[in-house]
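First the structure, in the form of structure tokens, and then the observations on it.
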């Protein structure tokens, strides 16, 4: 297997999470609330830690928009990351969320 850079791993994991969130059945939307809440909270924390002026919390949004919300927050965190270690922290948060999704 070809080894990926931290940025390539981030891109792949973000794609997996966002695709999963965008394609989840409407009947399962309530099941993603907790993992998405944990992920968005962590992404906001990471943005703040990396120096991005992210808000302390998100405004209300429909769960069906979770994929787009995660895409924006993760991309903001990635853009604020200053090194591979920080990119790996974002990737770890995405991986944990994906594993918690139904």
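With the convex hull constructed from alpha-carbon coordinates only, the chain shows a mean projected area of 6.4 nm² over all directions.
Under 10 Å, Cα contacts only: if you run a Gaussian network model on the chain, which one of 57, 48, 66 comes out with the highest mean-square fluctuation? Taking springs between Cα atoms under 10 Å, the residue moving most is 57. Of 62, 13, 37, the residue with the greatest mean-square motion in the GNM of the chain, using alpha carbon springs below 10 Å, is 62. Comparing mean-square fluctuations of 44, 26, 73 from a GNM of the chain with C-alpha springs under 10 Å, the top value falls on 26.
Relative contact order of the chain: 45 percent, from C-alpha pairs under 8 Å at least 6 residues apart in sequence. Report, in deg cm²/dmol and to the nearest 500, the calculated mean residue ellipticity at 222 nm for the chain, where each DSSP H run with n ≥ 4 adds -39500 (n - 2.57) and the sum is divided by the residue count. That comes out to -23500 deg cm²/dmol.
Read-outs: derived from the displayed coordinates by stated rules, not from any lab. All values derive from a computational prediction rather than experimental measurement.
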